[in-house]
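The values are calculated or read from the model by the stated rules, or taken from the named source; none is laboratory data. Since this is a predicted model, take the numbers as computed values, not measurements. Note that we place each Cβ from the backbone using ideal geometry, even for glycine, and neighbour counts take in every protein chain shown. SASA here: full protein model, heavy atoms, side chains in, ligands and nucleic acids out. Shrake-Rupley method; radii C 1.70, N 1.55, O 1.52, S 1.80 Å.
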Amino acid sequence: MSGHPSALVAQLRAILREGRESLADAYHADPDPARYLAARALLVDDVLRQLWRAQDLPPELALCAVGGYGRGELYPESDVDLLLLLPRPADTALEENLQRLVGLFWDIGLEVGHSVRAIEECLTAAKEDVTVATALLESRLLIGDAALYKNFRARFTKSLDRQEFFLAKRMEQAERHQRFQETPYNLEPHCKEAPGGLRDLQNLLWIAKGCGYGESWQALSQKHFFTEAVFRQIEDCERLLQNLRIRLHLLLKRREDRLLFDHQERLAQTMGLEAAEEKRASELLMQSYYRNAKRVTQINAVLLQIFAAKLLPGPRQTSEPIDAHFCVSGNFLDVPHENTFQKHPPALLKCFLLLQQKPELRGMTARALRALWRGREAINEDFRASPENRRNFLALFQNPRELIRAFHLMDQFSILGAYLPAFGKITGQMQYDLFHAYTVDQHILMVMRNLCRFALDEFAHENPFCSQLHNAFARPWVLYIAALFHDIAKGRGGDHAQLGMEDARAFCLAHTLEEKDTQLIVWLVGEHLSMSHTTQKEDISDPSVIADFAARVQNARRLTALYLLTVADIRATSPKVWNNWKAQLLESLYRQTLRHLESGAASEPQGIIAERQNEALRLLRYFTLSDTVHERLWRQFDTVYFLRHSAEEIAWHTRALHYRIHEEKPVVKARVHPGGGLQVMIYTRDEPDIFLRVAGFFTRAGYSVAEAKIHTTRHGYALDSFILLNVTDNAEDRDMIGFIESELARVLEFVLPVAPPSPGRVSRQVKHFPITPEIQIYPDERGAHYILSIITADRPGLLYRVADALARHKIFLHTARIATLGERAEDVFLISGRDLDQNTARLRLEQEILGILKNLD
């Protein structure tokens, strides 16, 4: 090999490049992840040794591999972690030599993470930082002074406090899990760091190695930490995760450990997966990943408990028997034998009841968890048919404080999916609807959690009204059962709500629920989307909408149950979906429907108008306005105005406009809306394209329109109201009021053109799982107007482009309901226009809007 530095660097770069290509080809031909990772580490070992030998370095130094590279595993795009071990701190000359060496590491094409430390510095850093201690734990000598390295290993091993190391690694894992919301089931999971990922398995081996229990899964198996069958299962889990990470790096040719939507389909194809009926290849891949992640969390939980029992025994605890099958040991639920559940299967559900009944218990012992893991296989048809087991399962729903703790543990150890096979089928099932952020099974558990939180005083601040209703609701456990079944039929094809009703009815009959409870649960499962659909697509200020919804729910108990389930459901979809605006809409629909049900008859429109006018006048008196101040303005309003606006909105409009009835300049008023965002009122002479210009202005200001009420007075003025939601968070809503009032008034007064807003970037989710746009135009129930319904992927500028099409066709907009669910927009417009009565004109408008939506994508 040439001794010239540049020639040496070029040759080593070529060796690395050719070696990587050869290893990748060999892996694709025969995908053995362990062999690939070891061979990649050996390739880098050889290159580093050659580079080291070519340098004029003191013989008492040592070059060590640490971290993942130290354990002999190197992923395609991972850093090469190195320790330059010194007998003493480096002087200036040595520092310069080592800096040149590190530069050469980079020159040959390695991404290096390095540290330069003497032994004492290593020991100090390891004591201060468990991450450093973990990296050093996996060190191995590459080249250099073997005696120096041997001395370092002996002193490091002696300095490592087993208990402190275990506690630090356990806390580090808990903090890491918190960063990922404590769930493996995000739709774009991190296959290395997320719960159920590679790091959970690596953490167990680090603890085992640091505490002297063994350096491999086989060593732990031989020491009876788990059985041979579990050993094989761990190897399978690790192999899947290693394969995913290797393929992801090779596919992207860069370091990326997130299973993003951009990569899922291609990754599935590289693993030989093909689309099946009802499921894409990517869905099959991700379901396999989630089920693997669940097994990893099971393994992790059991082994952490075993390690804790060995390392943190505490004072000797006496075992206090509960019954023939359970005892309490050190504030943990224990079993006398690991075959307890196999010998007495009913104890499987009884253990979760005991955890509920004894909240002082901190969990289950390692022995009990191992027994639980083994015992789940005892759940069969006979088990499910047992009256005792059915009673025990039903009893779990009676305790909202401990319900989710029990159900999460049942889910983690696959007890829930075994008892309810329909739930087992949705374990790890993706949801490509652009607004759910979690798999179906985890979404269901989160809905149950949200309902239970309504019952607990410490969470009453989250939604006080729901907590009040829940606490007054008799037999609230029926809500939890309805939540368990509301999405359980997803992925089967057909209407999941209707199919879920059948599952719920079968469950209720099998568990001998009273007929009235069965009817409510089944009805809730079938109707669980109806309340959100009504608020998103109907004008709930219209008395007829309230009357129709009241007829649908029939009574106050159903209404309250549906409201609580709806709030819990929407809040469990994604952090992006729930907001104060949706909360206010749902609460308003609930209160109006309840008043309708309690009155026992539908109110006549004139009675509703008189009621709203009287309430508006009462509100105006607070501002020391005369009792006649409204008269001239209100004469310009028709009955539609009073039916579409609340008393509070009528009072707001009257205060702002009673002395400006014939104002020549546009009036724009804005205020913070109690449901979140801003409410903006516009009053100006009516023009055909007002809505178009206003929509463009709001988009450019960083707001989306959640609701629009468009009204034309008898004397030809436009009085339009908008609810706006901030989509940029660039400024506080209150700080934007002055800007909107002045700038929008200027745009309207001088008829300034508003440039079409930028369509913005398409999100990864929309790009890879696009929604086919749906457009419908049909007459409303009265035949006076038409309804334009649009379902499409949400994009900046969407409303502006729809408004532009309506303006070109001379279509008048009366109301707009803009519902954004994550990345999905479901918008409903009440429109009118001469051409709409003609089928060809309607079809032409539909096709034009459809073309606009497709071009946005």
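To the nearest ten degrees, helix 515-527 and the longest principal axis of the Cα atoms of the chain are 90 degrees apart. Given +1 at the Cβ of Lys and Arg, -1 at the Cβ of Asp and Glu and no other charges, the dipole of the chain around its Cα centre is 1000 debye to the nearest 20.
Averaging Cα coordinates gives a centre for the stretch 283-311 and one for the stretch 65-88; these two points are 27 Å apart.
Once you reduce the stretch 487-504 and the stretch 722-742 to the center of their Cα atoms, the two points are 42 Å from each other. Around the Cα centre of the stretch 790-830, unit charges on the Cβ atoms of Lys, Arg, Asp and Glu (plus for the first two, minus for the last two) sum to a dipole of about 180 debye. Rolling a 1.4 Å probe over the heavy atoms of the protein chains gives the stretch 1-132 an accessible area of 48 Å² per residue. Rounded, prolate or oblate: pick one for the stretch 576-694, where a ≥ b ≥ c are the square roots of the eigenvalues of its C-alpha gyration tensor, a/c under 1.5 means rounded, and failing that, prolate if a/b is larger than b/c, else oblate. The shape class here is oblate.
Considering only Y703, T684, L396, the residue lying farthest towards the positive end of the dipole of the chain is L396, judged by Cα position with unit charges set on Cβ. Taking every alpha-carbon pair under 8 Å whose residues sit at least 6 apart, the chain reaches a relative contact order of 7 percent. The C-alpha atoms of the chain define a longest principal axis, and helix 543-553 lies at about 50 degrees to it.
Per residue, the solvent-accessible area of the stretch 179-290 (1.4 Å probe, heavy atoms of protein chains only, all protein chains present) comes to 41 Å². The angle separating the long axis of helix 92-107 from the principal Cα axis of greatest extent in the chain is about 60 degrees. Pairs of Cα atoms nearer than 8 Å and 6+ residues apart set the relative contact order; for the stretch 144-246 it is 21 percent. Entry note, the stretch 286-429: relative contact order of 28 percent, from Cα contacts under 8 Å with a spacing of 6+ residues.
Is the C-alpha gyration tensor of the stretch 176-325 telling us rounded, prolate or oblate? Criteria: a/c under 1.5 is rounded; beyond that, a/b larger than b/c is prolate, otherwise oblate. It is prolate, given that a/c is not under 1.5 and a/b is the larger ratio.
Peptides 550-558, 300-308, ordered by how many other C-beta atoms sit within 10 Å of their residues on average, highest first, read 300-308, 550-558.
Rg then Dmax, both in Å and based on the Cα atoms of the stretch 507-603: 14.3, 43.
Using a 1.4 Å probe on the protein chains only, how many percent of the accessible area of the stretch 694-735 belongs to carbon and sulfur? Within the stretch 694-735, the accessible surface is 39 percent carbon and sulfur. In the stretch 166-288, the portion of solvent-accessible area held by carbon and sulfur atoms comes to 46 percent [1.4 Å probe, whole percent, DNA, RNA and ligands not counted].
The lysines within cross-link reach of K253, meaning a Cα-to-Cα straight distance under 24 Å and a gap of 8 or more places when in the same chain, are K192, K767. Restricted to Cα atoms, the chain shows a radius of gyration and a Dmax of 33.1, 102 angstrom. In deg cm²/dmol, rounded to 500, what helix-only [θ] at 222 nm does the chain give when every DSSP H run of at least 4 residues adds -39500 (n - 2.57) and the total is split over its residues? Using -39500 (n - 2.57) per qualifying helix, the result is -17500 deg cm²/dmol. Can you pick out the pairs among K294/K490; K310/K425; K665/K709; K279/K350; K127/K358 whose Cα atoms lie more than 27 Å from each other? Result: K310/K425; K279/K350; K127/K358 exceed 27 Å. Karplus-based coupling profile of the stretch 24-39, in residue order and whole Hz: 5, 4, 5, 5, 5, 6, 8, x, 10, x, 4, 5, 4, 4, 5, 5, with θ = phi - 60° in 6.51 cos²θ - 1.76 cosθ + 1.60 and x standing for Gly or Pro. Descending by average beta-carbon neighbour count within 10 Å, the peptides 801-807, 331-337 line up as 801-807, 331-337, the highest first. Note on K150: aspartates and glutamates with a C-alpha under 20 Å away, same-chain residues under 8 apart excluded, are D45, E60, D81, E120, E121, E138, D161, E215.
Note on the stretch 197-271 and the stretch 313-381: Cα centroid distance 29 Å, given to the nearest whole angstrom. The packing ranking of peptides 396-407, 219-230, 346-357, highest mean first, is 346-357, 396-407, 219-230, where packing means the average number of other beta carbon atoms within 10 angstrom of each residue.
For the stretch 22-135, the gyration tensor built on C-alpha atoms gives an oblate shape. Its axis ratio a/c (a ≥ b ≥ c) is at least 1.5, and a/b is not larger than b/c.
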